[in-house]
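Worksheet: the structure to be examined is printed underneath.
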């Protein structure tokens, strides 16, 4: 059992989390050695989302990088209308037990035409709506970039890839800050650092510190 204190204090609240590491020996194109259960007091959630309703380390998609708190809900924290394919998160609300939650996320652009669709599209998926006495109603999210996702078939276009969660996290957080929200970058350690590496187009990159965004 490991206790991890947040790197910064949110509104003078003391916050500690516990995470239990889960090991995996199978190979997969998206596998992590940092899968863990995060405790927010009596609530729990995994620090990655999954490609199926199976909480195992060889079926992860992306690390949790964003934490919306105070009066957050899934719809309220989505910046964009376009969405992608659904992925899955597993969490335990202290009042109702363990749940699978699916979300197709929010994307900064949809596939329109090669001339109008940007190569870099930001995508984040938001899960849960839990309640904590310190943080109020909160949701958590994973983030990544979809690069040249739509038109890789166009001659001479760059190769597609998806990932770089850290870069996506900062970009999304900057938008919320520009909209007047209180943002604390790298506020919470969720035990999911991923050094840069490419697993068949799945680009890992995360410092393990999630950004906290206050949603009034």
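Values quoted throughout were computed directly from the atomic coordinates according to the rules given, and no laboratory measurement underlies them. In this text the structure is predicted, and so the values were computed from the model without any measurement. With ideal geometry, Cβ positions are generated from the backbone for all residues, glycine too; neighbour counts draw on all protein chains shown.
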Cβ density ranking, 10 Å radius, fewest first, applied to 204, 98, 80, 62 yields 98, 80, 204, 62
Using only Cα atoms and rounding to the nearest 10 degrees, what angle (0 to 90) does helix 165-178 make with the longest principal axis of the chain? 70 degrees
What list do you get for 144, 179 if you sort them by fewest beta carbons within 10 Å? 179, 144
Taking a ≥ b ≥ c as the square roots of the Cα gyration tensor eigenvalues, with a/c under 1.5 meaning rounded and otherwise prolate when a/b beats b/c or oblate if not, segment 44-89 comes out oblate
Checked segment 52-118 against the a/c 1.5 cut and the a/b vs b/c comparison, axes a ≥ b ≥ c from its Cα gyration tensor; verdict oblate
Taking the Cα-to-Cβ direction at residue 93 and at residue 198 and moving 7 Å from each Cα, how far apart do the two end points lie in nm? 4.2 nm
What is segment 116-176 by shape, rounded, prolate or oblate, if you read a ≥ b ≥ c off the alpha carbon gyration tensor as root eigenvalues and call it rounded for a/c under 1.5, prolate for a/b larger than b/c, and oblate otherwise? prolate
Two-site label geometry, residue 56 and residue 79: point separation in nm, points 7 Å out along Cα→Cβ: 3.5 nm
Give the order of 142, 211, 117 when sorted by the count of other beta carbons within 10 angstrom, beginning with the fewest. 117, 211, 142
Give, in nm to one decimal, the length gained when the segment between residue 117 and residue 171 is fully stretched (0.36 nm per residue of separation minus the Cα-Cα distance). 17.6 nm
Rounded to the nearest whole Å³, what is the per residue volume of the convex hull around the Cα atoms of segment 47-190? 120 Å³
Please give the contour-minus-distance gain from residue 104 to residue 133: 0.36 nm per residue of separation, less the Cα-Cα distance, rounded to one decimal in nm. 7.6 nm
Sum -39500 (n - 2.57) across every DSSP H segment of at least 4 residues in the chain, then divide by the residue count to get the 222 nm mean residue ellipticity, nearest 500. -2000 deg cm²/dmol
Taking 8 Å as the Cα distance limit and 6 or more residues as the minimum spacing, I'd like the relative contact order of the chain as a percentage. 21 percent
Choice from 191, 84, 105 with maximal GNM fluctuation in the chain (Cα, 10 Å cutoff): 84
When the Cα centres of segment 159-216 and segment 71-144 are compared, how far apart do they sit, in Å? 13 Å
With r as the distance between the Cβ atoms of residue 178 and residue 157 and R0 = 30 Å, compute the FRET efficiency 1/(1 + (r/R0)^6) and round to 0.05. 0.45
